[in-house]
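*Asks:* The structure under discussion is supplied below as structure tokens; questions concerning it will follow.
The values are calculated or read from the model by the stated rules, or taken from the named source; none is laboratory data. What you see is a predicted model, and the numbers here were worked out from it, not measured in a lab. Cβ coordinates were reconstructed from backbone atoms using ideal geometry, including for glycine residues, and neighbour counts include every protein chain displayed. Just the protein is used for accessible areas: all its heavy atoms, side chains included, with ligands, DNA and RNA removed. Shrake-Rupley method; radii C 1.70, N 1.55, O 1.52, S 1.80 Å.
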Amino acid sequence: MGSRYAGTGAQNIASPTDTVCTLTAETTTRGWVYFFCLSSAGTPADNAIEWIVQRCTAVGTATAVAAALLDGAEAAELCDFDENHTVEPTYTAATEVFDNAVNQRMTMQFNANPDGEFVLPATAATGFGWQPVHASATVTTEVTVHWYE
């Protein structure tokens with residue numbers, strides 16, 4: 001296993017679909033997503049938020065987030081982690097690797113089985129985006145992603 005990193009992104013759902021965060025690779029490295037956690041920082045309500053994790057081929061416009069090292073002795077990450085998208089990424093149709101509804105009152109964690117990680121190709125700006133979908137809720141959502149490269 002390579003070096004391990006964590007990133008957290010936040011986004012207010014202001015339209016039916018706003019990307020919370022993206023994790024994208026570089027031409028020199030690949031990444032493997034082995035954990036993510038979905039949550040809401042808003043006032044608890046009985047909203048079912050559909051969460052989609054889908055492949056993307058361009059990041060859009062977002063704020064870069066410096067990843068946290070899960071082992072302090074490792075070098076800085078090579079993959080790019082971005083949050084708070086103001087221009088949506090370019091998503092590849094029919095490439096959802098996760099699509100489930102989660103009640104806003106709960107936190108949901110995904111832990112990949114060995115060899116079940118989501119794999120980023122060694123292609124610049126290509127990876128995955130996390131999207132909360134709700135027709136009318138305007139709540140802040142958060143995603144924490146752990147990966148290795």
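*Asks:* Do you know which residues across the range 5-17 are of a type outside the set (A, V, I, L, M) and open to solvent by less than 10 Å² (accessible area, probe 1.4 Å)?
*Replies:* To start, the set of residues in the range 5-17 that are of a type outside the set (A, V, I, L, M) comprises 5, 7-9, 11-12, 15-17.
Result: Tyr5, Gly7, Gly9.
*Asks:* When you check Tyr34 against the structure, is it assigned to a strand (DSSP E or B) and within 16 Å of Thr126 (Cβ to Cβ), yes or no? Quick ask: steps written out before the conclusion?
*Replies:* Values: assigned to a strand (DSSP E or B): yes; within 16 Å of Thr126 (Cβ to Cβ): no.
Considered against the rule, which asks whether it is assigned to a strand (DSSP E or B) and within 16 Å of Thr126 (Cβ to Cβ), Tyr34 comes out as no.
*Asks:* Specify which of the listed residues (Thr86, Thr19) is within 16 Å of the chain's Cα centre (by Cα), part of a loop (DSSP other than H, G, I, E, B) and under 16 Å from Val133 (Cα atoms). Before the answer, list the steps.
*Replies:* Details: Thr86 fails: part of a loop (DSSP other than H, G, I, E, B).
The match here is Thr19.
*Asks:* Of all residues in the range 2-16, how many are over 18 Å from Glu77 (Cβ atoms) and in a strand (DSSP E or B)? Lay out the reasoning, then the answer.
*Replies:* First, pick out the residues of the range 2-16 that are over 18 Å from Glu77 (Cβ atoms): 10-16.
Checking which are in a strand (DSSP E or B) leaves us with 10-12.
Residues flagged as over 18 Å from Glu77 (Cβ atoms) and in a strand (DSSP E or B) within the range 2-16 amount to 3.
*Asks:* Hey, does the range 18-36 have a residue that's open to solvent by 20 Å² or more (accessible area, probe 1.4 Å), closer than 15 Å to Asn84 by Cα and either in contact with a Leu (Cβ under 6 Å, 6 or more places away or on another chain) or at pLDDT 95 or above (or both)?
*Replies:* no
*Asks:* Pick out the one residue from Glu74, Glu88 that is surrounded by fewer than 20 Cβ atoms within 10 Å (Cβ to Cβ), in contact with a Ser or Thr (Cβ under 7 Å, 6 or more places away or on another chain) and more than 24 Å from Ile13 (Cα to Cα).
*Replies:* Glu74
*Asks:* Any idea which of Phe110, Phe118, Phe81 is surrounded by fewer than 20 Cβ atoms within 10 Å (Cβ to Cβ), under 13 Å from the mean Cα position of the chain (by Cα) and of a type outside the set (Lys, Arg)?
*Replies:* Details: Phe118 fails: surrounded by fewer than 20 Cβ atoms within 10 Å (Cβ to Cβ); Phe81 fails: surrounded by fewer than 20 Cβ atoms within 10 Å (Cβ to Cβ).
Matching residue, one of Phe110, Phe118, Phe81: Phe110.
*Asks:* When you check Val65 against the structure, is it free of Cβ contacts under 8 Å to residues at least 40 places away in the same chain and not hydroxyl-bearing (Ser, Thr, Tyr), yes or no?
*Replies:* Working: free of Cβ contacts under 8 Å to residues at least 40 places away in the same chain: no; not hydroxyl-bearing (Ser, Thr, Tyr): yes.
Here the answer is no, as Val65 does not meet what is asked.
*Asks:* For residues in the range 93-107 being open to solvent by less than 70 Å² (accessible area, probe 1.4 Å) and under 15 Å from the mean Cα position of the chain (by Cα), which is nearest to His134 (Cα to Cα)? Explain how you work it out, then say what you get.
*Replies:* Just the residues of the range 93-107 that are open to solvent by less than 70 Å² (accessible area, probe 1.4 Å), to begin with: 95, 97-98, 102-104.
From what's left, under 15 Å from the mean Cα position of the chain (by Cα): 95, 97-98.
Working: Thr95: 20, Val97: 19, Phe98: 16 Å.
My answer is Phe98.
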